[in-house]
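Written below as structure tokens is the structure these notes are about.
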Amino acid sequence: MEATTAQISVATRRLLMCPPAYFGVVYAINPWMHPELPADAGCALRQWEDLRAAYERAGHVVETIKPRHGLPDMVFAANSALVVDGVALLARFRHPQRTGEEHFYEKWFRTHGFDVRLAEHVHEGEGDFVVLRDVILGGTGFRTEPAAHRDVERVFEREVVTLELVDPRFYHLDTALFALDADQIAYAPAAFSDASRAELERRYPDALLVGEHDMIAFGCNSMSDGANVFTPAGADRLARDLEVRGFVPVPIDLSELRKAGGSVKCCTLELREVAQ
């Protein structure tokens, strides 16, 4: 289903995506994955193309990396790295099923002129890091090691706020929280430990809170450009709340990719270059 919502022209963002040509659910490394249930790579590709088209209609530049046979989760480009000011800190995946992606993403970043850094500790890129104006929010609990937060502080010279995830269904930070703009966030309080929830309440008292229905619809796996919010179809309450705040929700049906535990943001890595 192609998004039909009118979109607002905003500052162009450069995004990296990987077509799901070899998509499938052939192993289980999160609670959403059930290899006994069929996944349709053709349907996944059509849905992915709808997302790409929505980004391009909003004026964003989408670059792609070639998918590789035997790496069905390579479509989730957000997990490949954290990119800030032209520096790409490459992921170091927790599960062996995904470590094969590392070589191909590293080659892409080097070929395209990024300053590539290798991680000392396990982390999964923008899956567990959300970049805001003054801080980077870092998730831990299931995939990314807390020590990797210190790696990010060292590489990017920014404060990293550690947030503990406690629900295995929401195993990456980008399944539980996303940036509305450079200063504000939306998040699902139920996904976090008491201490992390209190920290979010303290730092972001005006945050948009996401409830159970929209959590299950992967509503927090949205991508905002500061005006348009590209959301998984079905996160209806979230879409209404975004409109109240002046954002334009752009729903995209990524139901096939959700079978592997990913949606809009998982498919999208922002390539943040050095500000001019």
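Rule-based calculations on the coordinates, nothing more; no lab input. Predicted model only: the values in this text are computed from it and were never measured. A quick note on method: Cβ atoms are made from the backbone with ideal geometry, for glycine too, and the neighbour counts reach across all protein chains shown.
Once C-alpha pairs closer than 8 Å and six or more residues apart are averaged by separation and normalised to the residue number of region 109-171, the relative contact order reads 30 percent.
When +1 charges are put on Lys and Arg Cβ atoms and -1 charges on Asp and Glu Cβ atoms, the dipole computed for region 14-270 relative to its Cα centre reaches about 500 debye. Using a cutoff of 8 angstrom between alpha carbon atoms and counting only pairs six or more residues apart, the relative contact order for the chain works out to 23 percent. The length gained on full extension between His121 and His34, counted as 0.36 nm times the residue separation minus their Cα-Cα distance, comes to 28.5 nm. Proximity of backbone amide H atoms, modeled 1.01 Å from N, is registered between Ile252 and Thr231, Ala233 at under 5 Å, excluding neighbours fewer than 5 places apart on the same chain.
Computed over the chain, the per-residue total of -39500 (n - 2.57) for DSSP H runs of n ≥ 4 gives a 222 nm mean residue ellipticity of -7000 deg cm²/dmol, rounded to 500. Of Lys66, Lys259, the sequence from fewest to most neighbouring Cβ atoms within 10 angstrom is Lys66, Lys259.
Near the amide H of Glu63, within less than 5 Å, lie the amide hydrogens of Leu15, Leu16, Met17, all on another chain or at least 5 residues away, with H placed in the peptide plane. Relative contact order for region 199-249: 30 percent, from Cα pairs under 8 Å spaced at least 6 residues apart, divided by residue count. 3J(HN,Hα) along region 268-274: 10, 10, 7, 9, 7, 9, 5 Hz, from the Karplus curve 6.51 cos²θ - 1.76 cosθ + 1.60 with θ = phi - 60°, whole Hz, x for Gly and Pro. Annotation: Cα Rg of the chain relative to the compact-globule expectation 2.2 N^0.38 Å equals 0.91. Fewest neighbouring Cβ atoms within 10 Å first, the residues Val250, Val116 line up as Val116, Val250. Each of Glu157, Glu120, Glu164 was scored by other Cβ atoms within 10 Å of its Cβ. Listed from fewest to most, they are Glu157, Glu120, Glu164.
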